Amino acid sequence: MRKWGMIMDQMPRSVFFWSVLLLIVAVVSLGTFYFDSSRSTLENQYLQSFETSVVQLDDSVYDFLMTFENAVQMFSQNDMVKDLSENAEVNLDKVEQMFQAFQQSYPYSAYAYYVFKNPLEDGRFMVTWPDTSETLKSSDYDPKSRPWYIGALDMNGFSTWSDPYEDATTQKPTITISRAVYNDTGRLEGVMAVDVFLDELSNKVENFKALHSGNAYIISGEKGKYNILAHNDSASVYPDILNQSWVEKLDDSASGTFEVEMAGVDYYLTYTTNDVTGWKTVGLVEKKEIYVQSMQVLRNVLLSTVLILSLGILSIVYISRQLTYSVKDIDHFIQYSGEKSGQLATSELTKKFESISGTFTDSDIVLKRTSLNILFDVELEIARVSEVLKSAHGRSLSEDENLKVEDSKSRLYALKDELLENPSERHHIQVEEIQSLFRAIDEKQKIKV
């Protein structure tokens, strides 16, 4: 300790200052690097989360559309539908009821209808629900000229989706899924179709907005003919989305992520393609938003870290100061007492250590004695006294032995009090042993040579 103190005293203050300064610069540099690296990692994680959410939105749209595609497939393979032209009198009402039940179960289905290849004898050329057959029979409406009818025939037994359009009755955005119907011999019987309102797409996109700070769009069409089917964007950039040069890049691949700039703002754009319709599900988020989200997380982590470090440093400083003062006192004492006799120096050194230990209060260090500690101490003192009594068998105790016995008795009295403070069966036995030992001591001390 004396040598260490001399080294510290001999160290130039300038060396100490520059060493501390260098340490601070190193810590700040490492902290800056770690902070920047962490921010970049968090931004990438947030962007990946955003990309995943866009894919999940597309999956939700896919499930919604597949509900109706599966329904059209089921109807086209139903025996009553396939045999409707030949047995209209038997099956017509049943097919209408089936369409009605489906339309009531799925409120986003506008109409379910089946068009015969050849009209019935009464001139009826289709079955619909809600029932508009009489209205259509007296009009010049020709379903066989419609894209959904022609497209179904071109697909040779597979379903096809029309381009989105505005329903003439409800003025809602609508899409039609259709499928050709063949009988068991493979002869064409007609075309089955369901009209679907696209309101649910808007609801799904709005749910996306509730979870993310970015915007989502569902875009249909191809180069030169794009339509936005649903979106959650209330910003001024929304009307110009379809005029952006990046829109045509959506056809370059099935999915992707790249950076775009609109109205002077930088965005991350991520998109994927719907497997049913070929629509593009697009997500746009400002780069600034990702930065803000990442910085908020880092700020919370940094504040927590600084708080913990501050508490740790304060504790270390306090303990270090106490130890420094104590070490200096001991160092000075050793120098002072170096020329004194060994016994005197040892006595004063013991007192010094006792004064040092007194600098730590019960609030600094609290060592709680367990039951096991007490029992161990009791057994140790009983063994010491028993050994003295055994060695003095048949004679009185010497002065030195009496001192040892009295010292152990004093400790045993204290231990007995501790045992009585926490009574138990084992403690009760120990107390009895102590009392029995005290009686043996008393008897031994009565012996006179």
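All conditions in (1) outside any helix (DSSP H, G or I); (2) farther than 19 Å from Thr176 by Cα hold for Val115, with the sole exception of (2). Can you run down the residue pairs with Cβ atoms below 7 Å, 6 or more apart or on separate chains, where the first is in segment 50-75 and over 22 Å from Ala110 (Cα atoms) and the partner is of a type in the set (Ser, Thr, Tyr) and open to solvent by 40 Å² or more (accessible area, probe 1.4 Å)? Sorted first by the residue in segment 50-75, then by its partner, the pairs are Glu51/Thr257.
Candidates Glu89, Glu69, Glu43, Glu51: the one that is touching a Phe, Trp or Tyr at 6+ places or on another chain (Cβ under 7 Å), part of a helix (DSSP H, G or I) and either open to solvent by 30 Å² or more (accessible area, probe 1.4 Å) or hydroxyl-bearing (Ser, Thr, Tyr) (or both) is Glu43. For segment 79-136, a residue qualifies if it is of a type in the set (Lys, Arg) and at pLDDT below 85, and exactly one does: Arg124. If you go through segment 184-198 and keep only what is in a loop (DSSP other than H, G, I, E, B) and open to solvent by less than 10 Å² (accessible area, probe 1.4 Å), you end up with just Leu198.
Of all the residues in segment 118-155, those that are surrounded by 15 or more Cβ atoms within 10 Å (Cβ to Cβ) and part of a loop (DSSP other than H, G, I, E, B) number 5. Put simply, of Gln97, Gln103 the only residue that is within 56 Å of the chain's Cα centre (by Cα) and surrounded by 13 or more Cβ atoms within 10 Å (Cβ to Cβ) is Gln103. Scanning segment 199-222 turns up no residue that is at pLDDT 85 or above, part of a loop (DSSP other than H, G, I, E, B) and farther than 19 Å from Leu65 by Cα.
Selection within segment 355-379: residues that are open to solvent by less than 70 Å² (accessible area, probe 1.4 Å) and of a type in the set (A, V, I, L, M). The member of this set that is modelled with the lowest pLDDT is Ile356. Determine whether segment 168-183 contains at least one residue that is among the small types (Gly, Ala, Ser), closer than 29 Å to Asp154 by Cα and open to solvent by 10 Å² or more (accessible area, probe 1.4 Å). Yes - at least one qualifying residue is present in segment 168-183. Filtering segment 95-150 to residues that are basic (Lys, Arg) and more than 19 Å from Gln73 (Cα to Cα) leaves Arg124, Lys137, Lys144, Arg146. The residues of segment 112-169 that are within 15 Å of Glu189 (Cβ to Cβ) and among the charged types (D, E, K, R), listed by number, are Lys117, Arg124, Lys144.
For beta carbons closer than 8 Å, sequence separation of 6+ or different chains, a first residue in segment 277-289 that is on the phi < 0 side of the Ramachandran plot and open to solvent by 20 Å² or more (accessible area, probe 1.4 Å) and a second that is modelled with pLDDT of 90 or more and charged (D, E, K, R), the qualifying pairs are Lys287/Glu259.
The values are calculated or read from the model by the stated rules, or taken from the named source; none is laboratory data. Just so you know, these numbers come straight off a predicted model, no measurement behind them. Here Cβ is always computed from backbone atoms with ideal geometry, including for glycine, and neighbour counts include all displayed protein chains. Just the protein is used for accessible areas: all its heavy atoms, side chains included, with ligands, DNA and RNA removed. Shrake-Rupley method; radii C 1.70, N 1.55, O 1.52, S 1.80 Å.
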